[in-house]
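Bear in mind these aren't lab numbers, they're just calculated from the coordinates by the rules spelled out. Everything quoted here is computed from the prediction, not taken from an experiment. Cβ placement follows ideal geometry from the backbone for every residue including glycine, while neighbour counts extend to all protein chains displayed.
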Amino acid sequence: MVENASEVEDVQSVSSARFITPPLTGRKRELLGDLLGKFAESVNFYIQKCLEHKVTSRASLHHVAYEEWKSRFDLATHWFHSAGQMATQTLRSWRKLCRQGQANPEKPPAYKARTMRLELWGDRNQTGVCRFCGNVIQIRIRRGEYLWLPLVVTEHHVLRYLRDWREGKKKVGEITISLFKDRANVFVPFKCEVEPRPTEGICGIDINEQSVDLTILKPNEQPKHISLDVSKLPAIRHSSQLKRKSIQRKLDTPPQRPVQKRRLKAKYWRRERNRTNQILHVVSKQIAKIAERERVAVTFGGIKGIRGFMRSKRKSKNGRALRKDMRRRLNQWPFRKFQFYAEYKVARQGLPTVEVSNYHKSKDCPICGRYNRPNGHTYRCKACGFEASRHLVASWNIAKDGARHVPADCWQMQSPVDGLVAQAKLGMEPEKLPVQFSTGI
Ligand SMILES: [Zn+2]
């Protein structure tokens with residue numbers, strides 16, 4: 001994701017691979033469990049010291065607390081850095097929550113997760129903690145003392161990540177490790193530098209319950225509208241909800257069968273998740289394809305706080321509160337995941353992505369800018385008579401706003417927004433693209 005103009009030179013695309021280890025031996029499992037515990041303790045130690053000494057930077061904390069940490073935990077020095085990174089992140093988000101009044105400033109955060117993210121040990125950093133060697137990872141505990149975790153490597157891993165990694169096209173980032181049952185979960189982010197491509201326009205994306213709507217703006221061209229159908233997504237949610245309900249009802253009648261119930265429910269959760277993810281992957285892939293074909297930067301309507309907004313029963317300033325079932329339905333749409341998938345798929349094409357605020361996006365007229373209060377699915381402008389689907393208006397406005405945020409040197413020509421306003425046709429229908437779900441990821 002491109003955040004500012006200086007980053008345009010090297011667009012980086014990151015996608016994470018999940019590996020699992022074969023069942024670990026008792027000794028390794030114990031050792032890994034111990035390290036996970038020590039990591040969490042180190043993070044909490046770090047947080048506590050940061051608050052005690054009122055420091056925020058890693059360098060200054062190193063001065064005050066490193067000796068004590070070393071004598072207490074006896075791990076390689078870079079464990080301190082890895083824990084520090086986690087701690088500073090936790091503190092940062094806690095402070096933010098405090099400012100927003102959602103966390104208690106009296107109660108410092110505690111790191112309870114049983115996962116660790118470890119600094120990489122490789123060409124540039126000879127003293128890191130964790131090294132990725134293709135089919136095994138090596139964790140440095142102390143000088144001369146290592147833990148080796150073998151990985152189960154599938155064909156997918158080889159084709160998608162390892163081949164490029166061996167050729168040096170992809171680089172590995174910080175590795176995240178956790179333990180589940182008798183195996184370890186290993187997440188390895190693979191980064192690759194993508195050559196940025198010049199963009200010819202901008203594409204705004206509006207996410208709705210039944211469809212994902214795109215508007216493509218280019219200088220001196222009519223805006224193009226595309227609607228991707230995702231109505232399968234709520235249908236999947238609904239049917240698996242019913243399924244779970246019926247399991248619950250059947251297994252709740254005596255005799256009690258808790259194990260069976262848990263297993264069955266987990267099975268349907270998993271099935272739902274996999275089906276949903278597949279659709280998200282297919283739709284986001286299609287977006288990346290469209291972006292590549294049209295050579296456009298991609299803009300998402302900001303989804304920050306979207307859940308909070310939908311959760312609140314309080315009436316908004318000019319609208320009604322959302323109905324309960326509507327809130328529930330919208331809350332189940334995995335917005336963040338979808339945006340994440342689409343973002344990295346677009347970034348892989350060397351095209352920039354931006355996020356803009358959703359404010360008034362479906363209410364302002366894209367032609368004349370007048371604020372209207374739309375009712376139902378059609379948007380009607382009282383000033384200029386523009387008439388279109390509401391989703392289309394939202395994606396159009398998102399694209400217009402995005403054009404202002406995309407770094408200026410991406411533009412080869414004039415801003416696309418000014419050119420098209422005058423010649424835009426009134427009232428247009430989006431091109432409806434069927435989404436085929438049978439293709440793989
Ligand atoms: Zn208007």
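Quick one: if you stick a label point 7 Å off each Cα along the C-beta vector at L51 and Q248, how many nm between them?
3.6 nm
In whole Hz, with x marking every Gly and Pro, tabulate ³J(HN,Hα) for the stretch 43-50 from phi via Karplus 6.51 cos²θ - 1.76 cosθ + 1.60, θ = phi - 60°.
4, 5, 4, 4, 4, 4, 5, 4
Distance in nm between label sites at S15 and Y359, each 7 Å beyond Cα in the beta-carbon direction?
3.6 nm
As an exercise, use a Förster radius of 30 Å and the Cβ-Cβ distance of N220 and R197 to find the FRET efficiency, rounded to the nearest 0.05.
The computed FRET efficiency comes out at 0.90.
Determine the sum of side-chain charges near L149: Lys and Arg each +1, Asp and Glu each -1, restricted to other residues whose C-beta is under 10 angstrom from that of L149.
Taking every other residue near L149 into account, the sum is +2.
Pop out the ³J(HN,Hα) list for the stretch 140-157 in order, Karplus 6.51 cos²θ - 1.76 cosθ + 1.60 with θ = phi - 60°, rounded to Hz; leave Gly and Pro as x.
8, 9, 9, 4, x, 10, 10, 10, 9, 10, x, 10, 7, 9, 9, 4, 4, 4
Rounded to whole Å, give me the distance from the Cα center of the stretch 373-395 to that of the stretch 214-281.
30 Å
Rounded to the nearest 0.05, what FRET efficiency do E145 and N185 have when you use their Cβ-Cβ distance and R0 = 25 Å?
The formula returns an efficiency of 0.65 here.
Using the per-residue mean of other Cβ atoms lying within 10 Å as a proxy for protection, in what order, highest first, do the peptides 373-385, 186-198 fall?
Highest-to-lowest ranking by the protection proxy: 186-198, 373-385.
Please give the FRET efficiency for K169 paired with Q126, using the beta carbon to beta carbon distance and R0 = 25 Å, rounded to the nearest 0.05.
Values: r = 23 Å, r/R0 = 0.91.
For R0 = 25 Å, the calculated efficiency reads 0.65.
Compute the length gained on full extension between A110 and L97: take 0.36 nm times their separation in residues and subtract their Cα-Cα distance, giving the result in nm to one decimal.
3.3 nm is the gain from fully extending A110 to L97.
Could you work out the local net charge near I137, counting Lys and Arg as +1, Asp and Glu as -1, over the other residues with Cβ closer than 14 Å to its Cβ?
So the environment of I137 carries a net charge of +4.
For the pairs K96/K361; K49/K112; K361/K400; K289/K363; K96/K345; K337/K363, flag any whose C-alpha to C-alpha distance is greater than 20 Å.
K96/K361; K289/K363; K96/K345; K337/K363
Give the long-range amide H neighbours of I137: residues separated by 5 or more places, or on another chain, with amide H under 5 Å away, using H modelled in the peptide plane at 1.01 Å from N.
L149, L151
Count the net charge of all other residues whose Cβ sits under 14 Å from the Cβ of V346, scoring Lys and Arg as +1 and Asp and Glu as -1.
Neighbour charge sum, excluding V346 itself: +3.
So how much slack lies between K337 and V158, counting 0.36 nm per residue of separation and subtracting their Cα-Cα distance, in nm?
Full-extension gain reported as 62.0 nm.
Using modelled backbone amide H atoms (1.01 Å from N, in-plane), which distant-in-sequence or interchain residues come within less than 5 Å of S16's amide H?
Correct list: F190.
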